[in-house]
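One structure below.
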């Protein structure tokens with residue numbers, strides 16, 4: 001119980017810190033966040049979309065990212081705003097079910113997955129920062145040992161996902 005409260009406190013502090021320190025990131029190199037922190041932040045960020053946080057069950061399909069899948073599976077059953085994360089599945093091909101979110105890992109076919117997400121109106125997320133610029137909607141990175149939210153507005157519109165205005169202020173925006 002204390003460990004869970006500590007994790008929530010760290011996430012809240014991280015988000016506040018990102019809000020206060022989102023500046024001049026163009027010239028800085030983006031690094032991948034540790035998987036455990038990625039999972040915790042993505043779970044928190046999903047609550048900032050009224051399209052995801054709508055009281056319906058949430059399912060996540062993880063593509064070619066086994067370490068991230070392990071961490072996301074730990075959040076199964078957790079409330080995400082008004083919704084609940086009920087399923088985390090993983091694989092290396094198109095899912096047989098229609099998930100709410102697809103986590104895109106290291107794959108040479110990422111463009112195919114982005115097109116699938118946009119066609120099916122599924123939120124695409126990734127822990128690989130470079131993929132957000134290439135069309136994934138939501139990503140995370142680390143700059144100078146600080147977490148950074150990456151948001152591709154064009155992809156978000158294509159996937160029919162809208163965000164709370166606070167997330168737009170917290171994020172490095174791609175168009």
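The values are calculated or read from the model by the stated rules, or taken from the named source; none is laboratory data. Just so it is clear, the structure is predicted and the values come from calculations on it, not from any experiment. With ideal geometry, Cβ positions are generated from the backbone for all residues, glycine too; neighbour counts draw on all protein chains shown.
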* Give 175, 157 a once-over and let me know the one that is without any contact (Cβ under 8 Å) to a residue 24 or more places away in the chain, surrounded by fewer than 22 Cβ atoms within 10 Å (Cβ to Cβ) and out of contact with any helix residue (DSSP H, G or I) (no Cβ under 7 Å at 6 or more places or on another chain). => 157
* Pick from 131, 151: which is buried (at least 24 other Cβ atoms within 10 Å of the Cβ) and either under 15 Å from the mean Cα position of the chain (by Cα) or outside any helix (DSSP H, G or I) (or both)? -> 131
* Out of curiosity, is residue 136 part of a loop (DSSP other than H, G, I, E, B) and either surrounded by 20 or more Cβ atoms within 10 Å (Cβ to Cβ) or under 12 Å from the mean Cα position of the chain (by Cα) (or both)? -> yes
* Extreme residue, surrounded by the most Cβ atoms within 10 Å (Cβ to Cβ), among residues of the stretch 92-112 that are outside any loop (DSSP other than H, G, I, E, B) and modelled with pLDDT under 95 -> 110
* **residue 81, sole failed condition from (1) under 25 Å from residue 166 (Cα atoms); (2) crowded, with 20+ Cβ neighbours inside 10 Å; (3) out of contact with any strand residue (DSSP E or B) (no Cβ under 9 Å at 6 or more places or on another chain)** => (2)
* Asked: outside any loop (DSSP other than H, G, I, E, B), under 17 Å from residue 64 (Cα atoms), touching a residue at least 12 places away in the same chain (Cβ under 8 Å) and within 12 Å of the chain's Cα centre (by Cα), is that true of residue 124?
  -> yes
